[in-house]
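The values are calculated or read from the model by the stated rules, or taken from the named source; none is laboratory data. No experiment lies behind these values; they were computed from the predicted model shown. We place every Cβ from the backbone using ideal geometry, glycine too, and count neighbours over all the protein chains shown.
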């Protein structure tokens, strides 16, 4: 007896896997350094085709006893990851090419990490989630250390590796306890188990599992690896880590809480509440004091992670899907804003040869086009209308008010205070860009920016403006994600 | 059933003693060899639980690969192999001991609370559950997606390791 395998459901994964192998072979047999990059980009776009055909088909496909499910939720996030992966490729082309790094291998690792992400959107059992999460992280350990002769890059890689392995061990121990209690790794069965009376051990198992995720999404107090790793890694890798890989952690967290632990609210809600409040506050306060733009964005992404955790932490008291929708919408918008911000950092660093904020003084006068887009990304991160960031904050606060309990409102107040703090440091950079005297040594007429980088920035700016003015687009995606197919 | 009880306790005491040896040993090679005893004990415990496949995987991967990798690592990094009092000690060991004992206490209490009084009933069904054929069928029927993903992960890890290790 062979199990029935629905190959259409796996088509995005299959296309991406074939692409990885093709990149590896192309890199082996040709001297053309551009060919692996082209195949990688084409393969990522090619993987979007089956996502679209599956979406048109609209049928929920549940395989292997509910361990692997293709539904609107997984399709929306698979699409997001593939687009984010494509934009990362656009950022990497010239950065990796000019540094004379191992190009083909770089794309193989990047695409493998991306494969883990699209698997995690469909994974519905603990083993698949764990394997997919490791597939996301392990290639990025190496990518963070890609500049082998730079000690900062080595430090970035080693710190990320040690913390990543430790967090995996903690998470796996928690998952093994969950399995021991619930007698199943499939989330649906864990949901059934959590609905009944659970011993105290279950709360500890949930705690350990969530602590593992907290490391992955760099939530305070498990964040200390992030600024060093972000600073030392090649900037396109940092963009990938802060957006795609972080979103992968959040998607797994959302899935595991929503479909698994949900009925046992006392076990996960307090943990997520503390993580959300601490991440927002500490992330923002630390970001205020940074002089390096990449470190500032690292702390800002920790704080943004806190904002994403807010709807999750109050989800138990929200009726319907509003809280889950808020998380998905926030992830989509955060992805566009942060990828854009890092693209702008790469573009600016090509002119200033530095990541210090002070070197950006007067950048708006010398390079107005980059500075305008940079300002758009920063203001959007701060949540100022009519840029997309306001809508992300709006759905987050709406989830808090839907919950309408004391703890939820307290968390909402903390989030509101933090939004104000965040505005200070984002606008501080924008002020530097436009109102300070240009620093000496900034090249005025540098060579043209690479096409990929300009395209990435333009695309992200367009997304942020369109979604900011017409938020129904992403709101609809959020609704579709939780429709029953 | 008492034979199993005796075997369990003999193994458990040996494992605990060897585990203390791992952290107490002043020689890093001795620590690695103590670890072999701990891991072999775990494999023997799996056999007592009728999980033969997991037991042999434990032997192959942990003793066969991981510990050998440790020894290679010690050799290649030219770590000091002679007894060097203090070099392997950490200033925070008393703090570490307190945390370790606390975690141990909490986990024992909770595990006894959750599983205490439950018994494993040995039957032919349980033995066949641990058979290699059963595990193999499960891997290729139920867990085929994680299996395939792991193979891509291993490929990527191989490529990454070559890039990092290569001189250029």
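Can you confirm whether residue A:25 is at pLDDT 90 or above and more than 25 Å from the chain's Cα centre (by Cα)? Break it down into steps so the answer makes sense when it comes.
Numbers: at pLDDT 90 or above: yes; more than 25 Å from the chain's Cα centre (by Cα): yes.
So residue A:25 passes the test.
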Test of understanding: among A:358, A:375, which residue is under 29 Å from residue A:437 (Cβ atoms) and without any contact (Cβ under 8 Å) to a residue 60 or more places away in the chain? A:375
Please go through the stretch A:142-152 and give me each residue that is crowded, with 18+ Cβ neighbours inside 10 Å and within 11 Å of chain B (Cβ to nearest Cβ), ordered by number. A:142, A:143, A:144, A:145, A:146
Since residue B:105 meets every condition but one in (1) surrounded by 14 or more Cβ atoms within 10 Å (Cβ to Cβ); (2) within 14 Å of chain A (Cβ to nearest Cβ), which condition does it not meet? (1)
Given the condition part of a helix (DSSP H, G or I), more than 11 Å from every other protein chain (Cβ to nearest Cβ) and more than 15 Å from residue A:256 (Cα to Cα), answer yes or no: does some residue in the stretch A:172-181 qualify? no
Please pick out the residue among A:44, A:83, A:56 that is in a helix (DSSP H, G or I), more than 14 Å from every other protein chain (Cβ to nearest Cβ) and within 19 Å of residue A:483 (Cα to Cα). A:56
Test residue A:97 against the criterion of being modelled with pLDDT under 95, more than 10 Å from chain B (Cβ to nearest Cβ) and in a helix (DSSP H, G or I), and give yes or no. yes
Given the conditions (1) more than 8 Å from every other protein chain (Cβ to nearest Cβ); (2) more than 19 Å from residue A:130 (Cβ to Cβ); (3) surrounded by 13 or more Cβ atoms within 10 Å (Cβ to Cβ), every one holds for residue B:147 apart from (2)
Name the one entry in B:119, B:167 that is more than 10 Å from chain A (Cβ to nearest Cβ) and either assigned to a loop (DSSP other than H, G, I, E, B) or on the phi > 0 side of the Ramachandran plot (or both). B:119
Restricting attention to the stretch A:153-183, and to residues there that are free of Cβ contacts under 8 Å to residues at least 24 places away in the same chain and surrounded by 18 or more Cβ atoms within 10 Å (Cβ to Cβ), which single residue is nearest to the chain's Cα centre (by Cα)? A:161
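Quick one: which residue in A:329, A:333 is farther than 20 Å from residue A:298 by Cβ, crowded, with 24+ Cβ neighbours inside 10 Å and under 15 Å from the mean Cα position of the chain (by Cα)?
A:329
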Can you tell me which residues in the stretch A:189-223 are away from chain B (no Cβ under 14 Å), surrounded by fewer than 20 Cβ atoms within 10 Å (Cβ to Cβ) and within 16 Å of residue A:257 (Cβ to Cβ)? A:191, A:192, A:195
Name every residue in the stretch B:132-160 that is at pLDDT 90 or above and over 22 Å from residue A:14 (Cβ atoms), in order of residue number. B:160
Count of residues meeting criterion [at the interface with chain B (Cβ under 9 Å from one of its Cβ atoms) and part of a helix (DSSP H, G or I)] in the stretch A:105-128: 13
Looking at B:132, B:137, can you tell me which residue is closer than 25 Å to residue A:179 by Cβ, surrounded by 11 or more Cβ atoms within 10 Å (Cβ to Cβ) and away from every other protein chain (no Cβ under 14 Å)? B:132
Return yes or no: is residue A:65 at negative phi and in a helix (DSSP H, G or I)? no
Which of the residues that make up the stretch B:55-73 are surrounded by fewer than 18 Cβ atoms within 10 Å (Cβ to Cβ) and under 13 Å from residue B:132 (Cβ atoms)? B:56, B:57, B:60
Got a number for residues in the stretch A:110-148 being without any contact (Cβ under 8 Å) to a residue 24 or more places away in the chain and within 17 Å of residue A:9 (Cβ to Cβ)? 0
Starting from the stretch B:116-132, take each residue that is under 10 Å from residue B:50 (Cβ atoms) and list its partners that are at pLDDT below 80 and assigned to a loop (DSSP other than H, G, I, E, B), counting only C-beta distances under 8 angstrom and pairs at least six apart or across chains. B:126/B:120
Can you name the number of the only condition in (1) surrounded by 22 or more Cβ atoms within 10 Å (Cβ to Cβ); (2) more than 16 Å from residue A:380 (Cα to Cα) that residue A:304 fails? (2)
